[in-house]
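Asker: Handing you a structure now.
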Amino acid sequence: MTWKPWTFFAVAIAGWMNRQQQEVISYLREENRILREKLGHKRIILNENQKRRLAAAGMKLGRDLLRQFGTLFSPDTILRWHRTLIARKYDGSGGKRGPKPKKANSIRKLVLQMAAENPGWGYGRIYGELKKLSYDVHWQTVRRVMLDAGLLPDPDKPYKTTWKTFIQSHWESIAACDFFSIEAWGLKGLTRYLVFFVIDVSTRRVQIAGIHADPCEKQMLQWARNLTDAEDGFLKGKRILIHDRDPLFTKKFQETLRMAGVRCLKMPRWSPNLNSFSESWIRAAKRDCLDKIIFFGEKQVRYVVEQYVEHFLTERPHKGLDYRRPVEPEAAPPRDGPVKCRERLGGLLKSYYRDVA
């Protein structure tokens, strides 16, 4: 047999390519071994597309070659994926598997949520709520979930209403009040002005009841009468007013409010967290505005406070209100159109809006 030159070169190139393929295969096998060592016993999760691609490629090799190469997945796993894909190809159900059963984790989360939001509920009441929602669960399961979480009440320990539960049950009828101070320069040097404000807990609406350098009981009584005015008093419809132990909240002040149907709730000493809504509003006012201005005279104090309150009520969204404003406009803003910027106090307070058509 006569060898032609081109035949020799073809055989040489084929041998070189075969040797290079073997080297690539050896490298990939070693890479798979290292990857398996790094993963240890961790399970690799593949999606349907990845399983289909591996199953199609694995069937071309066969069980023996797959076992020889030592891949990340066993030959039986790849062959099982292949059988599943074939079964789905001839499945005439159209992908309709029926309603998925409710998972135990979702029931457990719902039981814990109901127990946390309703501390006075036992497992019987929560079981009834789940049955009403068409959950197929036994009452002993509900009891076991609450028992594991330590939520079953102690029969020897009386139930106590928490401050959070009290606030939520009286949400619509509660208001809070407090003072904060502003230092302003005048002819006699620095003068401290006390700002008395009231906040509606449910809507976050705020009203400045009065500003004075040295308020006394007479002024406090007048402010109380203004707040409880039968026509347009800010406390109209409220039943509870939360305040601290400031000496300005005298007995006559409390009696004036009580005559209008508003009960004063005095906080314990050193407990600002019980008046968190007032404290939060003061902190926001100082952070956003008051701490960034040098005041000159009472007139500027009143103007700046008035501008901030207007900005707070009509322009600033609030997280506690699901990013709404305490006073929403009558007409909803359009979704299209140029975005404009409204500035107050020389650009210190800014808000963005679209013109109503």
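Asker: For the peptides 257-264, 338-345, what is the packing order when you average, over each peptide's residues, the other Cβ atoms within 10 Å and list the highest mean first?
Answerer: 257-264, 338-345
Asker: Something else about it: Which chymotrypsin sites (Phe, Trp or Tyr not before Pro) from the range 218-279 combine a DSSP loop assignment with at most 12 other Cβ atoms within 10 Å?
Answerer: 270
Asker: Further, regarding this structure: So what is the relative contact order for the range 169-350, in percent, with contacts set as C-alpha pairs under 8 Å and at least six apart? Spell out each step's value before the answer.
Answerer: Working: 252 pairs, mean separation 34.9, N = 182.
About 19 percent, as a whole number.
Asker: Okay, next question. Please work out the FRET efficiency for the pair residue 170 and residue 260, using the Cβ-Cβ distance as r and a Förster radius of 25 Å; give the result to the nearest 0.05.
Answerer: Here the calculated transfer efficiency is 0.90.
Asker: From the residues 271, 346, 331, which one has its Cα farthest along the dipole of the range 234-357 in the positive direction, the dipole being from +1 and -1 charges on Cβ of Lys/Arg and Asp/Glu about the Cα centre?
Answerer: 271
Asker: Pull up the DSSP beta bridges for the range 169-350 and report the antiparallel fraction as a percent, rounded to 5.
Answerer: 70 percent
Asker: Size of the dipole of the range 104-152 about the Cα centre, Lys and Arg at +1 and Asp and Glu at -1 on the beta carbon, nothing else charged, in debye to 20?
Answerer: So the dipole magnitude of the range 104-152 works out to roughly 80 debye.
Asker: Report Rg/Rh for the range 226-351, rounded to two decimals, where Rg is the Cα radius of gyration and Rh the Kirkwood radius.
Answerer: The Rg/Rh ratio comes out at 1.02.
Asker: Mind checking the full-extension length gain between residue 50 and residue 332? Use 0.36 nm per residue of separation minus the Cα-Cα distance, one decimal, nm.
Answerer: Numbers: separation 282, 0.36 × 282 = 101.52 nm, distance 4.81 nm.
This chain segment gains 96.7 nm when fully extended.
Asker: Set the Förster radius R0 to 30 Å, insert the Cβ-Cβ distance between residue 230 and residue 292 as r into 1/(1 + (r/R0)^6), and round the FRET efficiency to 0.05.
Answerer: Computed FRET efficiency for residue 230 and residue 292: 0.15.
Asker: To the nearest 0.05, what FRET efficiency results for residue 106 and residue 84 with a Förster distance of 25 Å applied to their C-beta separation?
Answerer: E(calc), rounded to 0.05, equals 0.40.
Asker: Now for a different question. Based on the Kirkwood radius over alpha-carbon pairs, what is the Stokes-Einstein translational diffusion coefficient of the range 104-152 at 37 °C with 0.692 mPa s viscosity, in µm²/s?
Answerer: This corresponds to a translational diffusion coefficient of 317 µm²/s.
Asker: How much length, in nm to one decimal, is gained on full extension between residue 218 and residue 314, taken as 0.36 nm per residue of separation minus their Cα-Cα distance?
Answerer: Answer, rounded to one decimal: 31.3 nm.
Asker: Give the relative contact order (percent, whole number) for the range 218-267; include only Cα pairs under 8 Å separated by 6+ residues.
Answerer: 40 percent.
Asker: If each residue of separation counts as 0.36 nm, what is the full-extension length gain between residue 77 and residue 345 once their alpha-carbon separation is subtracted?
Answerer: 89.5 nm
Asker: Right, here's the next one. Just want to confirm a number: the relative contact order over the range 104-152, from Cα pairs under 8 angstrom separated by 6+ residues, in percent.
Answerer: The normalised contact order for the range 104-152 reaches 40 percent.
Asker: Given 37 °C and 0.692 mPa s, how large is the Stokes-Einstein diffusion coefficient of the range 179-261 in µm²/s, with Rh as the Kirkwood radius over Cα pairs? Walk me through the intermediate numbers first.
Answerer: Values: Rh = 13.8 Å.
Approximately 238 µm²/s, per Stokes-Einstein.
Just so you know, all these numbers are worked out from the coordinates, no wet-lab data involved. Quantities reported herein were computed from a predicted structural model and do not represent experimental measurements. Here the Cβ is made from the backbone with ideal geometry for all residues, glycine too, and neighbour counts use every protein chain on show.
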